[in-house]
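The values are calculated or read from the model by the stated rules, or taken from the named source; none is laboratory data. Just so it is clear, the structure is predicted and the values come from calculations on it, not from any experiment. Here the Cβ positions follow ideal geometry from the backbone for every residue, glycine too, while neighbour counts run over all protein chains shown. The area values use the complete protein model at the heavy-atom level, side chains included, leaving out ligands, DNA and RNA. Shrake-Rupley method; radii C 1.70, N 1.55, O 1.52, S 1.80 Å.
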Amino acid sequence: MVNSQCIEIPDGHKGYSLSNFCVPKHYEEDLENIMIPSGLIQDRIERLARDIFQDVKDEPLTALCVLKGGYRFCTDLLDKITTLNRSHGSVSVPVNVDFIRLKSYENDESTGEIHVVGGDNLSSLQGQNVLVVEDIIDTGRTMQKLLGILWKYNPKTIRVASLLVKRRTESTGYRPNFCGFEIPDKFVVGYALDYNEYFRDLNHICVINENGKHKYAVTKQNGS
Ligand code: HPA
Ligand code: MG
């Protein structure tokens, strides 16, 4: 299975000004800049779809979408794979989709724990070629824990496609098989990536600013 190279966004990347693109008014004050405009996200996913298609060839694929952050990436990726299925006369990849949900973040700090809070019966993964579709690999610990769980259900293969990989000094060194962009160590939102459930309704991947972090911070109630 290929380990495709990411597009590397360097640490010094200033991003794009909000005034050059369309951003919902309700987030205008909350974003530092646009790191990856939605058009570039789509173009990159088109290529990831091709790489996955060529890697899997004729075998059926079970896409396992990691909700909620992976939902847009998963839909766009599968759309593009199914477009290839229609246009390639000789090769096609039958795809089915399954969903799981993990929780590992509150504010922007990792709690170090993953909780599976939803999803189908994972025993259906037995013998399948699984494609885990994730929005972001941060330290890599969550994905490694998830892979440990998934392998227990005896799938035939597991591939991981992550739209983003963050450059973290705390990284375990884990790399997905397919990766869209390697990004600087900044908290990003948009394209289904959230900050306390906000910003999923933003098309571009943006860097949140202090105002946004403050405005949408989780306030801990006494006794809860
Ligand atoms: N944004 C949203 N969710 C995340 C991030 C991020 O930068 N890193 C890990 N989970
Ligand atoms: Mg995620």
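For the reader, a short list of remarks on this structure follows.
- Cysteines without a disulfide-compatible partner [the chain; Cβ-Cβ under 4.7 Å]: CYS22, CYS206
- The stretch 5-26 residues near the modelled THR169 label - backbone nitrogen below 14 Å, point 7 Å along Cα→Cβ: none
- Spatial separation of Cα centroids for the stretch 135-174 and the stretch 6-39, in angstrom: 26 Å
- GLN144 paired with GLU210, simple spin-label distance in nm, labels 7 Å along Cα-to-beta-carbon: 3.4 nm
- On the basis of the beta-carbon distance and an R0 of 30 Å, ASP185 and ARG101 show a calculated FRET efficiency of 0.75.
- Gaussian network model of the chain, springs between alpha carbon atoms under 10 Å - residue of LEU77, LEU18, LEU31 with greatest fluctuation: LEU18
- Solvent-accessible area, 1.4 Å probe, carbon plus sulfur percent, for the chain: 48 percent
- 1.4 Å probe accessible area per residue over the chain, in Å²: 51 Å²
- Extension gain for THR157-GLU197 works out to 11.2 nm (0.36 nm per residue, less the C-alpha to C-alpha distance).
- Against the chain, whose longest principal axis comes from its Cα atoms, helix 141-151 is set at around 20 degrees.
- Crossing angle, helix 71-87 versus the chain [Cα axis fit, 0-90 degrees, rounded to tens]: 40 degrees
- Between helix 38-56 and the chain: long-axis angle, C-alpha atoms, 0 to 90°, nearest 10: 20 degrees
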